[in-house]
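Data first, discussion second: the structure below is written as structure tokens.
The values are calculated or read from the model by the stated rules, or taken from the named source; none is laboratory data. These figures come from a predicted structure and were not determined experimentally. Using ideal geometry, Cβ is built from the backbone for each residue, glycine included, and neighbour counts are taken over all protein chains shown.
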Amino acid sequence: MHKQSFFILFFIFSFMLSAQHEKQFSLEELIPGGKQYANFNPRIPVQFQWYGNRLATIGNDSVWLIDNPGRSQRKKIILTFKELEEGLEQSENKIHGLTFSPEGSSVLRFHTSRGSGLFDLENKEHRAFFSYPEKSKNHMLSPDHSYMAYTIENNLFIADKNGKEWAVSNECNRGIIYGQSVHRKEFGITGGIFWSPCGKKMAFYRMDETMVSDYPLVDASARVAEVKNSKYPMAGMTSHRVTIGIFDTETKETTWLKTGEPDDHYLTNIAWSPDGKALYLAELNRGQNRMKLNRYVTATGDLDKTLFEESHLKYVEPENPVLFVKKEDERFIWQSKRNGYNHLYLYDTSGKQLKQLTDGTWEVTGVIGFDEKGENLYFIATLPSPIDRHICSVTLRSGKITQHTTLPGMHSAALSASGRYLTDRYSSHDNPGRIDLIETRTGKTTLLSQAKNPFRGFSMPTVEMGTVKAADGTSDLYYRLVKPAGFDASKKYPVAVYVYGGPHSQMVSNRWRYGSGGWETHMAQNGYIVFVMDNRGTAYRGLEFENVTHRQLGVVEAEDQMKGVAFLQSLPYVDSERMGIHGWSYGGFMTINMLLRYPGVFKVGVAGGPVTDWKYYEVMYGERYMDTPAENPEGYEESSLLNKADRLQSRLLIIHGDEDPTVVMQNSIQFMKASIKAERHPDFFIYPGHGHNMLGRDRVHLHHHITRYFEDFIPQD
């Protein structure tokens, strides 16, 4: 009896274990917006910030402090969220962000949905709370904590600790905008407010769009649909004009930089001098092939000096402002691709290049900061491989480069005030994420926290990475290949190719599961091989690798993607008769582009938010990569999908948000019109009220819809 019960229990346990291992993950669990997504998205349970040379650990409800992180992991509670919330009004106390001073100041910045505050950690008391006025956005505290800047609609304001408000602008014309991002967020621009180091002055953008054509977006949710006009300067058309103001908090007056003519140049990469007396900015001509690094006097707005210029036959694209050397106000760091790869250069304020700090067939992808004395600069680089990111430092005096991380993966870091320690956050294909403490002088590494593998115990699709040769026969192109769980090499599998392929992108890297996303996992679990490859034209491989597509978008990229297709067709377990392709934005363009340039290769395609003719895309991006339609008519003709609609042989689904302000829906509509004329029959699906992508619950619906289309026309066995 007992023996029989044992075998029954063993059978039940084995059955449950087998069922667990064979779990099929739903899109609700794999796609952001899904009800169970948080349960299967790797998360490091605590976060870390430097509080001078001490390490603050931030949990769900408390903050701990490690005084000597290199010697001991002993920590003590210094603050609870309850303590922080006690001094706030009930409606203001939902804390969603903390910022410690890296210099070790006792003042902690915290943020709620209703405002930003200052808390004295030593005395455990609130210093100030800056409430967010109704409809305000772009909130920015001054470095001295005296003011908060913000925008309301198209105007810019500042307020002091007591809530007294000053209008920096009072513009009634909605076509003139203050304190917000300009140039459609190209050139590394992420905001429009720039406080001086001491917090006494504030630089800001003013954008005049009154000369730009109104582009109608329609809100169909209203009882009678309403037009929401957007300013959308298309390639070759009149663009907006930008100026830069300097607001003085003491005099409450604004000085305008005299940036001169022409009006349609680009003002980017704004940086203050350490003493606040000068403003540095990179200025590009509209053709984006000439850049000047200029310095202006903030008191008068006059041009002080052009420090140097850069030019290129194709384009120059500055994305990082000058970075002054710590404790040396007469020297700064400049990032440039002038030698073919993004590297660091040391200059003095006369404009003289002192030395090139980094060099090689790899790129600097980010700067972390200086050590305490300003002798060493820490940065992130694609050493030794473009699919990895490693933490490095360079000694300014000798130029010696030290690599501080060795484990392959994607590393990012924060530096202690002294420069003695780094917190290293990284993941790799088999590591869902962890944070280590690194002692920079010895390399000693201590684990601080790590994410759990959310798929542990389940039979998952495998993800492999490799390379194929590009169409030029020399460049290596990285790919990932996702195979179904329980893969059987004797079977034939349908294929889903996911593509992006445009500038500033990298789809394949050595991060968790090689960057494979939830939809890829879902498709592989449903019996598809999934393939993703970065063609020439994508990022982090050097300027020549990227700009080979200049003036002919879609040509070289498609040639390279066909090399990936040839690789797939060489695999005995790939069913070449059941191949599909899907992409969004530039990937949507590439999806249709592949169907039309190589008809018959793919049986099905799903294109989301696609550009179909680059003359319908915006000025800054479009003219950088294609020049204007008048300057490059042959290139626009060759890159257009409208004149190739008659080549469509596959089933094609086009998806677009009807209020897309990035790739306007006119692109899809014009392709539908060209298809009707060519007697072709693509399918079209609209997401009402959405912009360039679908968010929230509708994102799950989107991926269901994409999956259904693949299953309808290239079904699994």
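Residues in segment 176-189 include at least one that is surrounded by fewer than 18 Cβ atoms within 10 Å (Cβ to Cβ), assigned by TED's automatic domain parsing to the domain that holds Thr249, under 26 Å from the mean Cα position of the chain (by Cα) and farther than 14 Å from Arg206 by Cβ.
Can you name the residue in segment 642-686 that is in a loop (DSSP other than H, G, I, E, B) and acidic (Asp, Glu) and, of all such residues, is nearest to Ala235 (Cα to Cα)? Applying the filter and picking the extreme gives Asp660. So is Gly260 within 31 Å of the chain's Cα centre (by Cα) and either assigned to a loop (DSSP other than H, G, I, E, B) or not hydroxyl-bearing (Ser, Thr, Tyr) (or both) or not? Answer is no for this residue.
Among the residues making up segment 374-403, those that are on the phi < 0 side of the Ramachandran plot, surrounded by fewer than 20 Cβ atoms within 10 Å (Cβ to Cβ) and at pLDDT 95 or above are Glu375, Ser385, Thr395, Arg397, Ser398, Lys400, Ile401, Thr402, Gln403.
Of the strands (runs of 3 or more DSSP E) lying entirely inside segment 395-454, those carrying at least 1 residues that are under 18 Å from Leu377 (Cα atoms) are 401-403, 410-415, 421-428, 431-439. Each residue in segment 343-355 was checked for being surrounded by 15 or more Cβ atoms within 10 Å (Cβ to Cβ) and without any contact (Cβ under 8 Å) to a residue 40 or more places away in the chain, and 2 of them qualify.
Among the residues making up segment 558-573, those that are in contact with a Lys or Arg (Cβ under 7 Å, 6 or more places away or on another chain) and either under 15 Å from Ser505 (Cβ atoms) or not in a helix (DSSP H, G or I) (or both) are Asp560, Tyr573. Within segment 294-317, identify whether any single residue is surrounded by fewer than 21 Cβ atoms within 10 Å (Cβ to Cβ), within 29 Å of Met665 (Cβ to Cβ) and not hydroxyl-bearing (Ser, Thr, Tyr), and answer yes or no. No: zero hits.
When segment 503-530 is filtered for residues that are of a type in the set (Gly, Ala, Ser), over 17 Å from Val700 (Cα atoms) and either surrounded by fewer than 20 Cβ atoms within 10 Å (Cβ to Cβ) or not assigned by TED's automatic domain parsing to the domain that holds Arg551 (or both), the ones remaining, listed by number, are Ser505, Gly527.
Among residues of segment 139-152 that are surrounded by fewer than 20 Cβ atoms within 10 Å (Cβ to Cβ), those with a Cβ under 9 angstrom from a residue that is among the acidic types (Asp, Glu), sequence gap 6+ or separate chain, pair up as Ser146/Asp160; Ile152/Glu134. Whether a residue is assigned to a helix (DSSP H, G or I), surrounded by fewer than 16 Cβ atoms within 10 Å (Cβ to Cβ) and among the acidic types (Asp, Glu) was assessed, and Asp712 passes this test. Here the strands (runs of 3 or more DSSP E) wholly within segment 178-226 that include at least 3 residues being under 22 Å from Thr238 (Cα atoms) and at pLDDT 95 or above are 201-208, 214-219. Is segment 574-591 home to any residue that is surrounded by fewer than 20 Cβ atoms within 10 Å (Cβ to Cβ) and in a helix (DSSP H, G or I)? No: zero hits. Could you grab me the full set of residues in segment 617-641 that are assigned to a helix (DSSP H, G or I), surrounded by 19 or more Cβ atoms within 10 Å (Cβ to Cβ) and of a type outside the set (D, E, K, R)? Scanning segment 617-641 gives Val619, Met620, Tyr621, Gly622, Tyr625, Met626, Gly635, Tyr636, Ser639. Can Thr306 be described as touching a residue at least 12 places away in the same chain (Cβ under 8 Å) and not in a loop (DSSP other than H, G, I, E, B)? Here the answer is yes, as Thr306 does meet what is asked.
Look through segment 81-126, keep the residues that are among the β-branched types (Val, Ile, Thr) and within 16 Å of Gln47 (Cβ to Cβ), and return whichever of them is modelled with the highest pLDDT.
So, considering only residues that are among the β-branched types (Val, Ile, Thr) and within 16 Å of Gln47 (Cβ to Cβ), the one modelled with the highest pLDDT is Thr99.
Here segment 320-342 is the region considered, the condition is being in a loop (DSSP other than H, G, I, E, B) and touching a His at 6+ places or on another chain (Cβ under 9 Å), and the residue that is surrounded by the fewest Cβ atoms within 10 Å (Cβ to Cβ) is Arg338. Assess whether Phe40 counts as being in contact with a helix residue (DSSP H, G or I) (Cβ under 7 Å, 6 or more places away or on another chain) and surrounded by 13 or more Cβ atoms within 10 Å (Cβ to Cβ). Criteria met by Phe40. Considering only segment 250-288, state which residues are surrounded by fewer than 19 Cβ atoms within 10 Å (Cβ to Cβ), touching a helix residue (DSSP H, G or I) at 6+ places or on another chain (Cβ under 9 Å) and not basic (Lys, Arg). Asp264, Gly287 - these are the residues of segment 250-288 that are surrounded by fewer than 19 Cβ atoms within 10 Å (Cβ to Cβ), touching a helix residue (DSSP H, G or I) at 6+ places or on another chain (Cβ under 9 Å) and not basic (Lys, Arg). Under 7 Å between Cβ atoms, at least 6 apart or on separate chains: pull out the pairs that start in segment 490-509 with a residue that is of a type in the set (S, T, N, Q) and end on any residue that is assigned to a loop (DSSP other than H, G, I, E, B). Within 7 Å, the pairs are Ser505/Thr538; Ser505/Ala539; Gln506/Asp534; Gln506/Thr538; Gln506/Ala539; Gln506/Tyr540; Ser509/Ile387. Checked against the criterion of being among the hydrophobic types (A, V, I, L, M, F, W, C) and farther than 20 Å from Ser675 by Cα, segment 591-600 has no qualifying residue. Given the residues Pro688, Pro661, which is the only one that is modelled with pLDDT of 95 or more and touching a Gly at 6+ places or on another chain (Cβ under 7 Å)? Result of the check over Pro688, Pro661: Pro661.
Number of residues in segment 179-208 that are of a type outside the set (Asp, Glu), in contact (Cβ under 8 Å) with a residue 12 or more places away in the chain and closer than 18 Å to Glu283 by Cβ equals 14. Can you find a residue that is part of a strand (DSSP E or B) and among the aromatic types (Phe, Trp, Tyr) anywhere in segment 461-478? Within segment 461-478, one or more residues are part of a strand (DSSP E or B) and among the aromatic types (Phe, Trp, Tyr).
Of all the listed residues (Ala299, Ala271), the sole one being in contact (Cβ under 8 Å) with a residue 12 or more places away in the chain, part of a strand (DSSP E or B), assigned by TED's automatic domain parsing to the domain that holds Ile193 and of a type in the set (A, V, I, L, M) is Ala271. Note on segment 511-529: residues that are part of a loop (DSSP other than H, G, I, E, B) and over 16 Å from Asp712 (Cα atoms) amount to 3.
Which members of segment 691-704 meet the condition of being more than 19 Å from Tyr616 (Cβ to Cβ) and in contact (Cβ under 8 Å) with a residue 24 or more places away in the chain? Can you show your working first?
Step one: list which residues in segment 691-704 are more than 19 Å from Tyr616 (Cβ to Cβ), which gives 694-704.
Once the filter is applied, which keeps residues that are more than 19 Å from Tyr616 (Cβ to Cβ) and in contact (Cβ under 8 Å) with a residue 24 or more places away in the chain, segment 691-704 yields Met694, Leu695, Gly696, Arg697, Asp698, Arg699, Val700, Leu702, His703, His704.
Take Ser675 and decide whether it is surrounded by 15 or more Cβ atoms within 10 Å (Cβ to Cβ) and within 30 Å of Gly188 (Cα to Cα). It is false that Ser675 is surrounded by 15 or more Cβ atoms within 10 Å (Cβ to Cβ) and within 30 Å of Gly188 (Cα to Cα). The strands (runs of 3 or more DSSP E) falling completely within segment 111-171 that include 1 or more residues that are under 14 Å from Gly87 (Cβ atoms) map to 115-120, 125-131.
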